[in-house]
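Accompanying notes for the structure given below.
The values are calculated or read from the model by the stated rules, or taken from the named source; none is laboratory data. Nothing here was measured: the structure is a model prediction, and the numbers come from that model. All Cβ positions, glycine included, derive from the backbone under ideal geometry; neighbour counts span all protein chains shown. Remember, those area values only see protein heavy atoms, side chains included, never the ligands or the DNA or RNA. Shrake-Rupley method; radii C 1.70, N 1.55, O 1.52, S 1.80 Å.
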Amino acid sequence: MTGILPGPAGSATTPADPTEPPLVDRAHLLADIRAALTATGGVLLHGPAGIGKTALLDALAQDAGPAGETVLRSSPTAAEADLPHLALIDLLGEALPGLAEDLPDHLRQALECALLHRAPQPGAPTDPLAVRVAVLEALRRLAQRAPVLVLLDDTQWLDEASRQVIAFTARRLADRRVRFAVTERTERADAAPEMGALCPPAAREIAVGPLGERGTGALLRERLDLRLSGLTLTRVHTVSGGNPYYALELGRALVGGSESALAADPARPLDVPHRLRALVSARLGELPHAARQSLTVLAAARSGTGLPAAVTEPLAAARRHGIVQQNPTGAPQFSHPLVAEVVLADATPDALRAAHRLLAELAADPVEQVRHQALAADAPDPHLASRLHRAADTALTRGAPGTAAELLRLAADHTPDPDTAGRRLLAAARNAVAAGLPDLARACGERLENAPAADVRVHARLLLARLLGPDHPGAEPLLAAAAEDTGGHPALTAAVHQERAVRALHRGDRAEGLAELATAEKHADHADDPDLLVELLAQRAPLTLLTDPALGLAQLERGCRLAAGRPPTAAAVFCREGLAVAALRSGDLPRAVAEVETLRAEVEATGRTEDLADVLYISASVYERAGRCTEAYAAGRAAHDLRERIEPSPGPARVLGGAAELNGGTADRAARLLDSAIRAAEDDHDREWLAYAHGLRGRVELLRGNHPAAADHLARCRLLLRRMEFTDPSLFLVDADLAEALALSGRQEEAAATLADARDRAARLGRDVLTLGLHRAEAHLTAAADPRRAADTLRALIPDTHPYPLELARAHLALGALERRARRRAAARTALQEAHARYTAAGCLPWQQHATAALAALDALEADPTPMQQQILALIRSGATNREIAARLHLSVKAVEANLTRLYRQYGVRGRAELARHRD
């Protein structure tokens, strides 16, 4: 198989072509391919085996059916490369009987002979030119009936006779009625393909590259139901090189349980399945002993390690076999990461220890040096354990908690004293959590079940419960065991009750959550533990902010004071985030932005991945309300990527991805992410993220103009938030949008009730920053009876500036819609242009495009409705069908439909239901 090691396609060392996995994480690439086919009529996809080329052709074939295209497909194999015209048989064999009468006799006979539908006349060989012209004419005849999509897979094995015929026809079919999608296996995605002649002359060549780490994780989840995270996912992705086929083979080897063993020992090689190992082992076995020793050193070394000539010179033999190549700096590297993994797996323990001893001598960095020394040791060494612990401290000062976790795990392995070993292992688990490595954290925590110290056992079980997630049934036995182990110690007892409070509040059981939190605070009063107090304040303050913002702010500020000067913790970061959120809700955006930007820089410097994911989430929210949508999009996408990598459930990550798309992407991508988030949150019974997903999904429907669907999603969001007693209307801006969607759906009473309730809660909490949004929604409600008065009132209420710039843009957008309904087109254009300018300044692409469309619709307005159109409008409102209207007004049904189309355009509505609700 090319792509791991170079070699001739179809050679004796190449196994059968792998079955390529279904399409995952290729949406952007597929969009590029579709665009290329539309623009040029052809596309040549090239890349290594297993990279997903066939899956892309499958997706194109699925598109073609609903579009009415005829699909002709051939997928040759290495064993068939010498069989003439076999690809033509695949493409036209079934279609030929239906084409026979359309072709001239001499062309039909030539094609029938080539496709083995007719025996050639004795002594009369088939004319190659006649076959080529016959295929060309056959494709043209098919294209007259319906557009044709020709799919040619694995063309490196295409028989020569078919290749010549297809190249002949492709050059002469330039009318786009016949399109060609061709794949070719190349050793690397950046290697030059050779089969461009099989496409029309203007066709695009597109390299099919590897999946990203997130895509690899999604593939393993969807195909194998294997949820990898942290180091394990990174290892599988790195070793597979992002190749879907290799990733699935490696993933299948982990399904049996070796995932936990790999997480417990990051230095352990992956279990490479036989089908992949066979591609490498034969060539490794041909190398001399010295070359294999050097390969072991190269595989054990970190990237960038300078290796002496004694190691690099024997690699010449490996280079000749295509196992090793030079990187851009001239240093040796493996031709594919999978090769390095096989080398490590095949190395004897003595050979590995020898490699690490040599690398320890070469390492200039003391942290890297002691790591290699630990991997070279064959027995516990307390002196080495102490050095590893000090190296972990150094790694933390460098902002590398993941490295610290690995060093502390090694230190625990080399520590003879069980109590000290347990504490080092617990520290390793905590640093792994901070670094976003839940698999390593879980592996370390599970080793502490029988730790000699009760406090270590309690904290390990609490950590394992948190890693399971707030709704996992396996958490309760861990919490029960932790409670039994506390021995009445105040700090340990408080920690257990605190974790129970988190879970109760997540379930939406506020009463139980507050009771557990009160119990935790009572025990914490008797414990001298500032970090515990900070954690409790971080948990209490958000609840207080909902009902008493001033007291909640004071609690957050106290937490920050207690945490000052102490090592960073998640609770300390949360208190800092809380200050930004409090400023955000009150409308103090300069303070909110300053808080998150300072905090983000500090958290990034510490390397605390889990905390960074939360900070990025808060940053995205702050930037959005500050009207800095480009930054909101970047922060939201980064938060999405991190959370998808480290969290067991995909729901929160996809909510953040959907929110990011609503700032700087597209409404369609937002809808796909949010629909997926809703399903995941429902499966996880995660009411908070389900509420946010519905709220954002409602905004998508507002953008699309589908007000009834928007109202349904937004009402669901509001209901879920209320059930969790999230009553602060500034927490998630749902009320104004819901009232607007209800008003525009003709549900005026519900809209009025929503507005009254929101105004009351905003007034009680001093949330004056929400007033403009409520004015905007009320204007839509008023417009049902008097759009001119609604527009005049709203115009007078719109300020020059506002803490939330996007709310100001939405107000101008609403004003434009109201002025249009009032038939004041110049005023409507002015308001819409103002909205467009503000969305452009904010970088809010979806709403900018929405404003652009509104302006275009305004420019396309026709004259006022004719008397006939006014009659049609009245009949539509009475519920009459097109046929009934035609009969009543003595028109044809087509004339009614044409008038309706003009009315839709004139009133800016999407269909007869919206037109019936529209009032002048």
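Values for this structure:
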item: Other-chain or far-sequence residues with amide H under 5 Å of GLY508's (modelled H); result: none
item: Quotient of Cα Rg and 2.2 N^0.38 Å for the stretch 68-113, N being how many residues it contains; result: 1.31
item: Area of ILE618 that stays accessible when all protein chains are in place (1.4 Å probe, Å², to 10); result: 20 Å²
item: Largest to smallest principal axis extent of the C-alpha atoms in the stretch 767-863, angstrom; result: 43, 31, 18
item: Solvent-accessible area per residue for the chain (1.4 angstrom probe, square angstrom); result: 42 Å²
item: Chain lengthening between GLU682 and HIS526 when straightened (0.36 nm per residue, less Cα-Cα); result: 52.1 nm
item: Accessible surface ranking that places the most exposed of THR727, THR630 first, with a 1.4 angstrom probe; result: THR630, THR727
item: 12 Å beta-carbon shell around GLN498, net charge (K/R +1, D/E -1); result: -1
item: Distance (nanometres) between label positions extended 7 Å along Cα→Cβ at ALA364 and ALA310; result: 2.0 nm
item: Tail weight of P(r) past 19 Å, computed on alpha-carbon pairs of the stretch 26-209, percent; result: 56 percent
item: FRET efficiency, 1/(1 + (r/R0)^6) with R0 51 Å, evaluated for SER386 and ALA550 via beta carbons; result: 0.55
item: Three-way shape call for the stretch 488-566 based on the alpha-carbon gyration tensor, with the a/c threshold at 1.5; result: oblate
item: Surrounding net charge for ALA317, when Lys and Arg each add one and Asp and Glu each subtract one, Cβ distance under 14 Å; result: +2
item: Between the stretch 664-731 and the stretch 421-466, the alpha-carbon center distance in angstrom; result: 36 Å
item: Entry for volume of the Cα convex hull per residue in Å³ (calculated from the structure that is shown) out of (1) 195; (2) 310; (3) 235; result: (1)
item: Where Rh is the Kirkwood radius over Cα pairs, Rg/Rh for the stretch 363-485; result: 1.01
item: Percent of Cα-Cα distances greater than 17 Å, calculated over the stretch 287-348; result: 28 percent
item: The chain, accessible surface, carbon-and-sulfur percent (1.4 angstrom probe); result: 53 percent
item: Whole-number percent relative contact order across the chain, with pairs defined as alpha carbons under 8 Å at least 6 apart; result: 7 percent
item: Simple spin-label estimate for ARG507 and ASP859 in nanometres, 7 Å along Cα-Cβ; result: 5.8 nm
item: Table column - 3J(HN,Hα) (Hz), the stretch 668-674, Karplus curve with 6.51, -1.76, 1.60, x for Gly and Pro; result: 5, 5, 4, 4, 5, 5, 6
item: Helical mean residue ellipticity (222 nm; -39500 (n - 2.57) per DSSP H run of 4+; nearest 500) of the chain; result: -21000 deg cm²/dmol
item: Proximal charge balance of LEU772 [Cβ under 9 Å; K/R count +1, D/E count -1]; result: +1
item: Long-range Cα-Cα pairs in the stretch 605-674 (distance over 21 Å), rounded percent; result: 19 percent
